Amino acid sequence: MSSLTAAPPVPRPVRAAVVVWLLAVGAGVAETLVHLALPDPPGPGALVKRALVYAGVVALVLALPSGRNVVRWTLAVLLGVVGTASLVVEPITWLSTGASPVEYLAGAGGAEIAVVVLRTAHLAAVVVALVLMFRPTANAFFRRPT
């Protein structure tokens with residue numbers, strides 16, 4: 001008789017969180033590509049840094065179905081807190097100078113509008129993925145012994 005037992009199925013919210021995290025990464029990559037068309041594009045160093053960050057994030061996201069709670073909390077802290085802060089600090093700083101979003105959008109070109117849409121989609125995906133990772137069935141999945 002074997003002491004090995006089959007791993008429990010990955011709950012739907014965890015599977016959905018993986019998809020939504022990958023959508024967030026995709027939005028971030030797309031935003032980086034759009035920035036290349038703007039007057040002040042990121043340099044090679046910034047592009048390498050972003051590529052390494054996104055590769056690390058994808059590795060963590062793909063490990064999420066393993067059920068290791070440390071993976072879930074690493075994603076929550078690094079992306080939910082640090083990543084979100086990195087996405088909102090620029091717009092908040094810009095708004096604090098008295099800038100007008102309406103005026104900006106009225107004068108913005110296609111690339112600038114794309115950045116706003118992609119950043120918004122990125123932030124929304126992060127929030128949705130965080131919620132999914134902490135749904136009751138996900139909590140039970142991550143509490144089980146691994």
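The figures follow:
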quantity	calculated
Per-residue Cβ neighbour rank within 10 angstrom, fewest leading, ARG144, ARG119, ARG15, ARG72	ARG144, ARG15, ARG119, ARG72
Length-normalised contact order of segment 12-143 in % [C-alpha pairs under 8 Å, at least 6 apart]	52 percent
For segment 24-39 versus segment 53-110, the gap between their alpha-carbon centres in whole angstrom	13 Å
Rounded FRET efficiency, nearest 0.05, which uses the C-beta distance separating ALA37 from ALA99 and R0 of 22 Å	0.50
Relative exposure of GLU103, GLU112, judged by other C-beta atoms within 10 Å (fewest first)	GLU103, GLU112
Stretch gain in nm, segment ASN69-GLU90, where the contour uses 0.36 nm per residue and the Cα spacing is subtracted	4.4 nm
Neighbour-count order for VAL20, VAL88, fewest beta carbons within 10 angstrom listed first	VAL88, VAL20
Net charge of Cβ neighbours under 14 Å - reference PRO91; Lys, Arg +1; Asp, Glu -1	-2
The chain: DSSP helices with Cα axial extent of at least 27 Å and average Kyte-Doolittle hydropathy no lower than 0.5	12-35, 44-63, 110-133
Efficiency of FRET from Cβ geometry, ALA59 and VAL127, R₀ 30 Å, rounded to 0.05	0.85
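Here, each number is a calculation from the coordinates, and none is a lab measurement. As the structure is a prediction and not an experimental result, all values here were calculated from the model. Backbone-built Cβ (ideal geometry, glycine too); neighbour counts: all protein chains shown.
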